[in-house]
Amino acid sequence: MTTPGNRNALGNRSESEQRDWRPTAPVGVLRQRAELVERTRAFFRERGVLEVDTPVLQGGANLDHGVVPMRVTIGSEVRFLPTSPEHPLKRLVASGCGDVWTLAPAFRAGERGQRHAPEFRMLEWYRLGWDDRRLASEVIALLATLTGWSDEHGIITWRDAFRTYAGIDPLTVDDATLIARLGADAVVANHDRRIALDLLLTRDIEPRLGRGRWTVLTDYPADQCAQARIRHAGDGTPVAARFEIYRDGIELANGYHELLDGRALRGRLEQELAARSSDEQLDERFLAAMANGLPDCAGVAVGFDRVVMLALSLPDVGATQAFTWGDA
């Protein structure tokens, strides 16, 4: 039972302390977000894509380059929070579930800012028999449905984006020129050419993508293939069968024509694991599914909080969440 003294103590707390328990987003925003979720469900229901749930704790880590997963220890067992629901979704596809989608929690250590949060919602789906180009068109159709904007879009290759917006050819530019272009940011790259190009993309190119219409960025370099297959561009250069979609300078989607070779995928992930200093471990159940055989398919992950932010004209992803990381 609360005594009068306890009530007085509560009354003496500062207004900000008393507000700490309250939701981050107002109820009006939460209602609008819920409506966007329902539109998403209707979109996939009309297309015959099965909604599924995926686990929040995994036996192995997602090993996306530059992304740090969170580790959870339960007694003597180690689990990892998913950086995306990619692994369990691909296991479902490999088991014969067909086209599937989910809107699931995702976690990434150290990501905080206007467009980033350590915990967020990832919308991800897989289409059997599709390639990355066909899937990119469906992503734009969904984004147009959720935002109410036109599906007008442009397509540009990763290489042409550097030529157009940075004035360099990323495949032939010499290191000295690249360092000079980065200026003070060159110290962050630490003489790593791939990091230097990533910095230039983030700083000088991405803010100019998706202005007034959606932009599909395609044909990433082969060394940025992640779990996408490799194909050849018109000039014979090997490129990743991968795309990203931007609006107003914000990356919203990352999709692949999925690699089917389980042995090659294991090699890529082992190489990524070896380059890390942390104690992550391979997701062996996922790799067993890939070794058993993944059907020809394309998959995409969409940052749902970012879509809500744009659709509702909110200032940051935190304003779309009932409780942000710092308020949970």
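For (1) within 16 Å of Asp283 (Cβ to Cβ); (2) assigned to a strand (DSSP E or B); (3) without any contact (Cβ under 8 Å) to a residue 24 or more places away in the chain, each residue gets a yes or a no:
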{"residue": "Arg39", "(1), (2), (3)": "no, no, no"}
{"residue": "Val56", "(1), (2), (3)": "yes, no, no"}
{"residue": "Asp64", "(1), (2), (3)": "yes, no, no"}
{"residue": "Thr83", "(1), (2), (3)": "yes, no, no"}
{"residue": "His87", "(1), (2), (3)": "yes, no, no"}
{"residue": "Val93", "(1), (2), (3)": "yes, no, no"}
{"residue": "Cys97", "(1), (2), (3)": "no, no, no"}
{"residue": "Ala104", "(1), (2), (3)": "yes, yes, no"}
{"residue": "Arg134", "(1), (2), (3)": "no, no, no"}
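Go through segment 92-133 and give me each residue that's modelled with pLDDT of 95 or more and among the basic types (Lys, Arg).
Within segment 92-133, Arg121, Arg127, Arg133 meet the criteria.
Please pick out the residue among Ile168, Ile156 that is more than 29 Å from Ala288 (Cα to Cα), touching a strand residue (DSSP E or B) at 6+ places or on another chain (Cβ under 9 Å), of a type in the set (Val, Ile, Thr) and outside any helix (DSSP H, G or I).
Criteria check complete, one pass: Ile156.
Can you tell me which residues in segment 196-211 are modelled with pLDDT under 95 and of a type in the set (Gly, Ala, Ser)?
Selection gives Ala196 alone.
Picking from Leu209, Leu201, which residue would you name as being touching a residue at least 40 places away in the same chain (Cβ under 8 Å) and more than 17 Å from Arg306 (Cα to Cα)?
After applying the criteria, what remains is Leu201.
Hey, can you tell me all the residues within segment 174-199 that are of a type in the set (D, E, K, R), closer than 17 Å to Pro221 by Cβ and within 26 Å of the chain's Cα centre (by Cα)?
Asp192, Arg193, Arg194, Asp198
Looking at Phe286, Phe243, which is the one that is in contact with a Ser or Thr (Cβ under 6 Å, 6 or more places away or on another chain), buried (at least 20 other Cβ atoms within 10 Å of the Cβ) and within 17 Å of Asp64 (Cα to Cα)?
Only one candidate passes the filter, namely Phe243.
Just checking: which of the helices (runs of 4 or more DSSP H) contained wholly in segment 231-328 hold 3 or more residues that are under 20 Å from the mean Cα position of the chain (by Cα)?
Counting at least 3 such residues, we get 262-274, 304-311.
The values are calculated or read from the model by the stated rules, or taken from the named source; none is laboratory data. Predicted model only: the values in this text are computed from it and were never measured. When we count neighbours, we look across all protein chains shown, and the Cβ atoms used for this are built from the backbone with ideal geometry, even at glycine.
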